[in-house]
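Novice: Structure below; questions to follow.
Nothing in this text is a laboratory measurement; each read-out follows from the coordinates by a stated rule. Keep in mind it's a predicted model, so treat the numbers as computed, not measured. Glycine also receives a Cβ, built like all others from the backbone with ideal geometry; neighbour counts cover every protein chain displayed.
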Protein chains: 2
Amino acid sequence: MTITIALDAMGGDHGPRVTISAALAFLKARPEACIALVGQPDAIGGELRRLAAAPSERLQVVPASEVVRMDEPPAQALRTKRDSSMRVALNLLRDGRADACVSAGNTGALMAVAHFVLKTLPGIDRPAIVTALPTLNGHVHLLDLGANVDCTTENLRQFAVMGVIVAAAVDGKERPSVALLNVGVEDIKGNEVVKAAAQLLGNSGLNYIGYIEGDGIYTGGADVIVCDGFVGNIALKASEGVARMIRAFLKEEFGRNMFTLLAGLVARPVLKAFARRVDPKRYNGATLVGLNGVVVKSHGSADAVALRNALEVALREVRQNIPDRIRREMEPSPQRGLA
Amino acid sequence: MTITIALDAMGGDHGPRVTISAALAFLKARPEACIALVGQPDAIGGELRRLAAAPSERLQVVPASEVVRMDEPPAQALRTKRDSSMRVALNLLRDGRADACVSAGNTGALMAVAHFVLKTLPGIDRPAIVTALPTLNGHVHLLDLGANVDCTTENLRQFAVMGVIVAAAVDGKERPSVALLNVGVEDIKGNEVVKAAAQLLGNSGLNYIGYIEGDGIYTGGADVIVCDGFVGNIALKASEGVARMIRAFLKEEFGRNMFTLLAGLVARPVLKAFARRVDPKRYNGATLVGLNGVVVKSHGSADAVALRNALEVALREVRQNIPDRIRREMEPSPQRGLA
């Protein structure tokens, strides 16, 4: 089966310079995939020429005259830019001309436009952003990462259901465990929404294992962790910030003097193996779950390696048929547990 | 001037075994300090004997028959344990027999009991937990770290005022900059409380510099960062979790085989210098600001080195007279800016 990904070629901090070289590398490695490069034909054409590449059966160019700026208010992007690369890419997905959409553009705008164009799945009130994060012994799926700054208890329950479906599909787990992110593990901890969500999840038929604290994200105690988008976004970005600071400190220490430079040279293979393990590029590509279609958001600052990972995430989610799985799970039918 | 610290000798995961050796090391290094060890006399006496130490003019033992368990509900600790080491230590502070109180016990209980015994300063509705965290170029004061899971706009404003006073006193800065933690830096980002707090801080006379995202905590862009206790707690603990995971990965990579072990041996001094820089012990000791008195909370799992750091934080805050500075700042007087 051929899988076509609509790629917002103009999105992200670097635009076509990154998106197109990522697309070419991806197509080379994935013969079953096609890509529709969506954006301004001149910019795309110029970059293709620079890379000595050309459109082909597997690499179409779909014109879109406008670009959503990285700092543009979502409402404005939605109202005024009907021919943006982001919007046209999502239209392709809606119209069945693509199987997934990948964008490194403005997160808020992507969420707003995707929500408007694709609509949520039946039974899902709000889409959420989910990504896999490394843990001591594997990875964990964390959601929501910023789509919803205020959440109800029912929103959190739906996030849990969707997170479990993603974990079951991606990791092939029977009954993925799900936890709520909280400021403590005792029953009395947390705000009212989290406490009520704990009640709801306890009676949901999900493999709910209770509260987990911020440091528990990385110890691998749960397959899925649920929180509102404000908390999830701060947790994710604070984590990125610490990791970056630690890498900077390590580099500084090895760069101090002749001896430390030499030590760094000796330790180089080890340090490289280490750097690979904590490389955020490997975890680039967050999914907007709960929509009628697979939409993957890449980090705005992603380079070609990182963006290619987002394309891989999209490919995997199409293969796993995540939206359909969520649709089936949310169908009203009494007393039904998760597979 | 002699400064007396009431130390909850029973608090923390390790109790007297850690608190007393930290107290002895601290007294040795700080001839101007005295400590009141508060707790069960048998346990304290046994540990003193084990360390070949004895009570003295600078090291008194103040008996308290009960201990607040680490998992005890705050309300229960407050209602039923009137002779707990935590409570008695706070009583000493209230009665002027100590200048500060340090405890590694149950955070929620410490907050509840301290609030009850000491009361908040005039103009402060709720105390907050503040700590210094390392950044690329120094450190930042983050609050609230978990005292208040739900906050109003006015709470956040008061946290900003207190954070700025702490930063000014501790770092000797003229007009410390203060930012609000948010899910984006644009005006439209965030929930209603944060947006309203931005308005309030913009008109406050404080050196308010706008929103900062999670990764901005560690880049050193602000002297003080304000958020509600739910978000602050998750940000702090997620950061700790990532740092711990990264250290574990680094250790694993250097422990892989003969060659990597050898490389680790060569790089050992560099790795040790690095480890010192990211050592959480150096940052142990969070202050409960907004109370009538200096109260410092140590991590429950603190060892003697870390606990000693919490004692240093208490000493510094007494010298800087933080509660008095907050009291003066909050005195009603129109059009007054922060010193």
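Novice: Averaged across B:269-279, how many Cβ atoms of other chains sit within 10 Å of each residue's Cβ atom?
Specialist: Partner Cβ neighbours, averaged per residue: 5.
Novice: With the label 7 angstrom out along Cα to Cβ, how close does A:ASN203 come to the same site in each of the other copies, in nm, nearest first?
Specialist: Those label-point separations list as 4.5 nm.
Novice: Now for a separate question. What are the label-to-label distances in nm, one decimal and shortest first, from A:MET70 to the same spot in the other copies, with labels 7 Å along Cα to Cβ?
Specialist: Reported distances to equivalent positions: 4.3 nm.
Novice: Please report the base-10 log of the normalised intensity I(q)/I(0) for chain B, using a Debye sum with one equal scatterer per alpha carbon and no solvent, at each q in 0.09, 0.12 (1/Å).
Specialist: With one equal scatterer per Cα and no solvent, log10 I(q)/I(0) is -0.50, -0.86.
Novice: Also: Work out the mean other chain Cβ neighbour count within 10 Å for the residues of B:209-215 and drop it here as an integer.
Specialist: 4
Novice: What is the Cα radius of gyration of region B:125-282 over 2.2 N^0.38 Å, N being its residue count?
Specialist: So the Cα radius of gyration is 1.22 times the expected 2.2 N^0.38 Å.
Novice: Within the P(r) computed for the protein assembly as shown, what percentage of the Cα pairs occupies the region above 33 Å?
Specialist: In whole percent, the share of Cα-Cα pairs in the protein assembly as shown beyond 33 Å is 53.
Novice: Direction-averaged shadow area of the convex hull around the Cα atoms of region A:109-166, nm²?
Specialist: For region A:109-166, the mean projected area of the Cα convex hull comes to 4.6 nm².
Novice: Which semi-axes, in whole Å and largest first, does the equivalent ellipsoid of region A:1-76 have when worked out from the alpha carbon gyration tensor as the square roots of 5 times its eigenvalues?
Specialist: 22, 14, 11
Novice: Still on this structure, please answer the following. At 7 angstrom along the Cα-to-beta-carbon line, where would the label on A:GLY255 sit relative to the other copies? Give the distances in nm, shortest first.
Specialist: 3.0
Novice: Per residue of A:312-320, what is the mean number of Cβ atoms on other protein chains within 10 angstrom of that residue's Cβ?
Specialist: If you average over the peptide's residues, the count of other-chain Cβ atoms is 0.
Novice: Can you give me the distance in nm between label points at A:ASP187 and A:ALA29, each placed 7 Å from the Cα along the Cα-to-Cβ direction?
Specialist: About 4.9 nm separates the two model spin labels.
Novice: Still on this structure, please answer the following. What is the percent of Cα-Cα separations in region A:195-339 that go past 28 Å?
Specialist: 39 percent
Novice: I've got another one for you. How much of the DSSP beta bridge set in the protein assembly as shown is antiparallel, as a percent to the nearest 5?
Specialist: DSSP beta bridges in the protein assembly as shown are roughly 30 percent antiparallel.
Novice: Arrange the peptides B:65-71, A:21-27 so that the one whose residues have, on average, the most other Cβ atoms within 10 Å appears first.
Specialist: A:21-27, B:65-71
Novice: While we're on this one: Restricting attention to region A:256-339, which trypsin sites (Lys or Arg not before Pro) occupy a DSSP loop and are surrounded by at most 12 other Cβ atoms within 10 Å?
Specialist: Passing both the DSSP loop test and the Cβ count: A:ARG336.
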